[in-house]
Amino acid sequence: MQEPVTQPVFRFAPSPNGRLHLGHALSALRNEAEAARLGGKLLLRIEDIDPTRCRPEFEAHIRDDLDWLGIAFAGEPRRQSEHLAEHGVLLDRLAARGLLYPCACSRTAIREAADASGAEPLRDPDGAILYPGTCRALSGAQRTERVASGEPHALRLDMAAAIEAAGRQLSYVRFWPDGREAEVRAQPARWGDVTLARKETPTSYHLAVVADDAAQGVTHVVRGEDLEAATDVHVLLQVLLGLPTPRYQFHELVLDESHDKLSKSRGSTTLAQLRAEGLTAREARLRLGFPVPSGPDAEHGEPDHHGSDRQ
Ligand code: GLU
């Protein structure tokens with residue numbers, strides 16, 4: 001049984017598919033600062049649902065970097081890959097309401113269909129081509145047959161049906177570090193029929209993040225502004241599944257010299273590289289605009305008990 005929420009609950013939720021960079025450090029530090037401001041606790045969640053990209057050694061590196069930064073988390077981390085059955089229960093509930101359909105289209109097929117149509121394709125807030133709904137048109141019998149045949153397929157949310165099923169205006173409360181709050185209207189329709197279970201894994205980012213925020217009793221989500229638009233899908237899923245909607249805060253992203261956001265896929269400088277070049281945790285905090293915690297370590301400048309790979 002879940003205990004009544006007496007204390008705000010925050011989480012930092014990295015994916016172990018590469019080393020952390022300064023953008024992740026900013027996110028973790030903002031969570032730490034906001035949890036301290038509101039008297040909350042901070043949890044760690046490892047978002048490792050992608051078996052093709054996530055590796056246990058990256059989780060170990062993440063924990064080492066967070067330890068070096070001096071961020072303390074309450075309890076043991078939650079690994080999403082250990083909770084796929086719980087995600088499946090939520091999927092079944094959506095399926096039972098007729099809100100999901102199997103889709104066998106590949107990304108290439110979606111792009112080719114868009115090219116063939118000649119028209120400029122509609123895009124989601126991340127710039128990806130909106131799924132044109134090809135498999136939504138399958139009859140009930142064809143859907144059943146597809147699933148029974150074992151053909152690899154994703155499960156997509158029928159967005160129009162889901163919004164109708166939610167049956168009310170969707171919104172969430174956004175909060176800022178200066179204490180301001182505002183109600184924001186969610187517009188999930190701009191994402192189209194999002195994938196809730198992928199071909200290669202029986203869950204998805206959207207489903208897993210909603211499931212695990214609820215399971216961990218998260219009341220305050222602090223994430224990068226690149227995930228602001230995705231929050232609309234999360235609010236829709238929370239309403240459909242009867243889960244509480246946390247408050248949300250979006251922080252600025254750390255940009256590189258070419259003003260692009262830092263990213264693992266583009267090989268941005270990692271915290272490990274900066275550490276090897278001699279950056280201290282204290283300098284990292286100051287560089288990202290966070291005060292250095294006072295305490296026994298403060299006068300040493302650098303928390304040297306973490307400094308095994310410093311030079
Ligand atoms: N795992 C996501 C990431 O590393 C963040 C999840 C979230 O804040 O919802 O970008």
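Taken together, the values in this text are just the output of simple stated rules run on the coordinates, not laboratory data. Just so you know, these numbers come straight off a predicted model, no measurement behind them. As a convention, Cβ positions derive from the backbone with ideal geometry for all residues, glycine included, and neighbour counts pool all protein chains shown.
Charges only on Cβ, +1 for Lys and Arg, -1 for Asp and Glu: so what's the dipole of the chain about the Cα centre, in debye to the nearest 20?
For the chain, the charge dipole is close to 700 debye.
Could you tell me the relative contact order of region 6-153? Use alpha-carbon pairs under 8 Å, at least six residues apart, and round to a whole percent.
Answer for region 6-153 is 20 percent.
How do Ser268, Ser117 line up, fewest other C-beta atoms within 10 Å first?
Listing Ser268, Ser117 from fewest to most nearby Cβ atoms yields Ser117, Ser268.
Determine the dipole magnitude for region 6-57: charges of +1 sit on the beta-carbon of Lys and Arg, -1 on that of Asp and Glu, nothing else is charged, the reference point is the Cα centre, and the result goes in debye to the nearest 20.
Charge dipole of region 6-57: 100 debye, to the nearest 20.
Which whole-number percent is the relative contact order of the chain (Cα, under 8 Å, 6+ apart)?
Contact order relative to length: 22 percent.
Classify the chain as rounded, prolate or oblate from the Cα gyration tensor: take a ≥ b ≥ c as the square roots of its eigenvalues, call it rounded if a/c is under 1.5, otherwise prolate when a/b beats b/c and oblate if not.
prolate
For a quick check: with amide H placed at 1.01 Å from N, whose amide H comes under 5 Å from Ser171's, ignoring anything fewer than 5 positions away on the same chain?
Amide H to amide H, under 5 Å and 5 or more residues apart or across chains, Ser171 pairs with Ala186.
So for Thr219, Thr231, fewest C-beta neighbours within 10 Å to most, what's the order?
Thr219, Thr231
Run the lone-cysteine check on the chain: no other Cys C-beta under 4.7 Å from the residue's C-beta.
Cys54, Cys105
From the residues Val210, Ile46, Trp68, which one has its Cα farthest along the dipole of the chain in the positive direction, the dipole being from +1 and -1 charges on Cβ of Lys/Arg and Asp/Glu about the Cα centre?
Working it through, the farthest residue towards the positive pole turns out to be Val210.
Under a 5 Å amide H to amide H cut-off, with H placed in plane at 1.01 Å, what residues pair with His251 once short-range neighbours are removed?
It is Arg223, Gly224, Glu225, by chain and number.
Add -39500 (n - 2.57) for each DSSP H run of 4 or more in the chain, then divide by its residues: what number comes out at 222 nm, to the nearest 500 deg cm²/dmol?
-10500 deg cm²/dmol
Might you report the magnitude of the Cβ-based charge dipole of region 161-214 about its Cα centre, with Lys and Arg at +1 and Asp and Glu at -1, to the nearest 20 debye?
It works out to roughly 160 debye.
Of all beta bridges DSSP finds with both residues in the chain, what is the antiparallel percent, to the nearest 5?
50 percent
Can you put Thr270, Thr52 in order of Cβ neighbours within 10 angstrom, beginning with the fewest?
The most exposed by this proxy come first: Thr52, Thr270.
I need the shape label for region 59-151. Rule: rounded when a/c is under 1.5, else prolate if a/b > b/c, else oblate, with a, b, c from the alpha carbon gyration tensor.
In terms of gyration-tensor shape, oblate.
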